[in-house]
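Quick notes on the structure that follows.
Bear in mind that the values in this text are calculations on the coordinates, not laboratory data. None of these values were measured; they are calculated from a predicted model. Don't worry about glycine lacking a Cβ; one is built from the backbone with ideal geometry, like all the others, and counts go over all protein chains shown.
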Amino acid sequence: MGLIPTFCRALILLHKRVGLQGPLLTLGNQDVWASYDQLKSFFREMEYDYREATPLPHTSRLFRQRPEAEDFVHARTFFEMMGIEEYYDIDKFDIDSPLIMHDLNAPVPAELQDRFNLILDSGTIEHIFDVRQVMENIVRMCRESGWVVHVTPSSNYVDHGFYSFSPCFFYDYYQANGFDDFICYVLQPDPDNIYERSPYFEYSYGMNLSNLIEPGRQVLVFFAARKVRISEQLVVPTQGLYEPGLEAQPPQAGAASANGKGFVSMTERFVPAFLIPLLKPVRPLLGAARKIFSRRAEDTASSRRLRKI
């Protein structure tokens with residue numbers, strides 16, 4: 001998949017937010033769909049200073065038959081502009097001249113473990129059949145306090161790879177395996193015009209997605225997580241949205257009421273106690289109406305978070 005302009009802008013935005021550092025490992029040769037001058041314009045658009053770098057020509061076989069790609073640069077150039085000079089890429093095929101030859105379906109050797117401060121997967125893991133192994137490899141290769149960044153298909157990518165991923169896959173997996181400080185954007189680029197700024201929004205776990213995803217649009221997950229502790233053994237997570245007992249959690253943590261239910265309902269808060277039994281027959285209707293209005297309010301608030309990058 002590589003680094004189309006939207007991905008470049010999203011990485012600059014993340015770098016601006018958290019200050020990414022090397023050594024960097026990219027999974028596969030990350031084709032940069034831009035020239036050096038175009039990359040400069042992306043930094044200016046994101047209002048972030050860049051370092052001058054020596055433009056290196058791309059080594060991608062994908063671009064060899066594309067006349068418009070004559071001035072496209074190697075991913076190393078882009079990351080040097082971000083101030084990341086120690087660059088590596090890993091692949092099982094030598095056609096794109098990776099610095100490290102390895103099939104990520106197999107465990108990585110000891111010399112690659114705890115080596116990188118930044119690992120970037122921009123359209124690679126969906127092509128690797130053994131998802132469990134490649135995810136374990138990523139965790140093993142990332143240093144403590146280092147970052148992992150994924151840009152992966154989520155929907156409308158039939159046969160692009162073996163898999164597509166929902167945000168909860170990354171949240172649940174990395175939460176269980178020593179990561180925190182999650183940042184997630186949902187991107188909706190136009191495949192027919194990769195230079196058009198893409199609609200996106202910042203995702204939080206389990207949020208309402210109504211009015212945020214355009215039907216028929218290709219959707220990608222941009223996910224970043226920082227390693228905060230070392231996990232000796234890979235933990236297989238349970239999907240948090242369906243974990244037993246979650247549906248019984250109180251909607252307001254720490255709140256309590258006299259009835260011991262763990263939270264104060266709107267009825268208890270505003271209706272005199274002697275009238276509450278009289279409202280029992282209509283409470284289901286009142287609850288349904290409240291959910292409808294709450295959902296509409298949430299949709300309206302969510303729609304304001306839809307931006308372009």
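Numerical summary
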item	result
Histogram of C-alpha separations across the range 47-100, 5 Å bin width, %	4, 19, 22, 22, 19, 10, 3, 0
Estimated inter-spin distance, SER210 and LEU234, nm [label 7 Å along Cα→Cβ]	3.9
Förster-model FRET efficiency, 45 Å R0, TYR163 and GLU52, C-beta, rounded to 0.05	0.70
Average silhouette area of the range 1-122, convex hull of alpha-carbon atoms, in square nanometres	7.5
Packing-based ranking, highest mean first, of 83-96, 160-173 given that Cβ atoms within 10 Å are counted	160-173, 83-96
Listed residues PRO109, TYR88, SER122: farthest to the positive end of the dipole of the range 71-143 (Cβ charges)	PRO109
Backbone N within the range 116-152 under 16 Å of label point (7 Å from PHE93 Cα along the Cβ vector)	122-129
Net lengthening on full extension, GLN175/GLU45 (0.36 nm per residue, minus Cα-Cα)	43.5 nm
Pairs beyond 24 Å (Cα-Cα), from LYS40/LYS92; LYS16/LYS227; LYS16/LYS308	LYS40/LYS92
Cα-projected label distance for ALA106 with ARG305, points at 7 Å along beta-carbon direction, nm	4.3
Reciprocal mean inverse distance between Cα atoms of the range 81-236 - Kirkwood radius, Å	16.7
For the range 41-157, size of Cβ-based charge dipole, Lys and Arg +1, Asp and Glu -1, in debye	220
